[in-house]
Amino acid sequence: MDDPDLRDRPAEAAVTGPELIGKGLYRYERFHVRLPGGDGEPLTRDVLRVGRVVVIVTVDLDRDQVVLIRQFRFGAHLAIGQGDLVELPAGRVEAGEELIDAARRECIEETGVAPQALVPIFSLLPSPGMSDEHMSFFLGVVDASKVPERAGLAQEHEDIRPICVPIDDALAALEAGDLHYGAGVIGLQWL
């Protein structure tokens with residue numbers, strides 16, 4: 001009979017590495033892993049080191065709107081030929097930064113407005129077979145009437161266009177299959 005404990009839990013793994021494979025915006029590293037009871041050669045695993053990320057489901061409850069952002073994503077351009085994505089505001093957590101502080105910072109940087117409230121809602125690993133990215137989602141209450149036409153940081157070469165839409169319109173786009181950004185799909189499904 002399979003183990004009925006459905007919680008994720010630590011694994012007994014002997015890990016050696018990392019070996020740097022490449023470095024750009026993120027580090028790409030190779031590790032060798034031995035699991036208990038494993039026979040033969042250790043497993044070789046390559047990992048893209050993204051780390052902690054925050055995603056903010058930005059809503060204006062008074063106006064019944066969600067604030068989304070639109071920006072170019074090269075990976076989407078390569079994968080499906082639709083690189084001009086609609087997303088939720090998100091970004092990496094800086095070293096030593098608290099998650100809620102990162103969520104506040106990213107909300108301001110990407111939507112142009114500070115959240116009136118931030119509430120943690122859930123976290124997930126979007127692709128643990130190839131990345132160490134760990135996403136923490138927050139509900140961010142904002143005033144959509146103050147959202148500018150453009151946002152993003154010049155030093156990060158961001159060209160972000162915030163979009164304020166009725167929540168029902170965002171959910172209809174989701175249901176129609178028009179949105180592909182994973183964190184946006186999951187965040188809107190939660191909403």
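What number of residues within the stretch 51-106 satisfy the criterion of being modelled with pLDDT of 95 or more, of a type in the set (V, I, T) and surrounded by fewer than 19 Cβ atoms within 10 Å (Cβ to Cβ)?
The qualifying residues number 1.
Give just the number: which of (1) within 25 Å of V50 (Cβ to Cβ); (2) modelled with pLDDT of 95 or more; (3) in contact with a Lys or Arg (Cβ under 9 Å, 6 or more places away or on another chain) does G129 not satisfy?
(2)
On the basis of being hydroxyl-bearing (S, T, Y), over 30 Å from D143 (Cβ atoms) and touching a residue at least 12 places away in the same chain (Cβ under 8 Å), does T16 make the cut?
Details: hydroxyl-bearing (S, T, Y): yes; over 30 Å from D143 (Cβ atoms): yes; touching a residue at least 12 places away in the same chain (Cβ under 8 Å): yes.
So T16 passes the test.
For residues that are aliphatic (A, V, I, L, M) and open to solvent by 20 Å² or more (accessible area, probe 1.4 Å), scanning just the stretch 124-143, find the one that is farthest from the chain's Cα centre (by Cα).
V141
L118 passes all but one of (1) without any contact (Cβ under 8 Å) to a residue 40 or more places away in the chain; (2) open to solvent by less than 40 Å² (accessible area, probe 1.4 Å); which number fails?
Failing condition for L118: (1).
Restricting to the stretch 154-174, count the residues that are outside any helix (DSSP H, G or I), under 18 Å from the mean Cα position of the chain (by Cα) and modelled with pLDDT under 75.
The total comes to 1.
Can you name the residue in the stretch 1-50 that is surrounded by 11 or more Cβ atoms within 10 Å (Cβ to Cβ), part of a loop (DSSP other than H, G, I, E, B) and among the hydrophobic types (A, V, I, L, M, F, W, C) and, of all such residues, is farthest from the chain's Cα centre (by Cα)?
So the residue we want is L35.
Answer yes or no as to whether I167 is β-branched (V, I, T), exposed (fewer than 12 other Cβ atoms within 10 Å of the Cβ), on the phi < 0 side of the Ramachandran plot and in contact (Cβ under 8 Å) with a residue 24 or more places away in the chain. Spell out the reasoning first.
On the way: β-branched (V, I, T): yes; exposed (fewer than 12 other Cβ atoms within 10 Å of the Cβ): no; on the phi < 0 side of the Ramachandran plot: yes; in contact (Cβ under 8 Å) with a residue 24 or more places away in the chain: yes.
So I167 fails the test.
The values are calculated or read from the model by the stated rules, or taken from the named source; none is laboratory data. Just so you know, these numbers come straight off a predicted model, no measurement behind them. Quick reminder, even Gly has a Cβ in these numbers, built from the backbone with ideal geometry, and neighbours come from all protein chains shown. When the accessible area is computed, the model is the full protein with side chains, heavy atoms only, and any ligands, DNA or RNA have been set aside. Shrake-Rupley method; radii C 1.70, N 1.55, O 1.52, S 1.80 Å.
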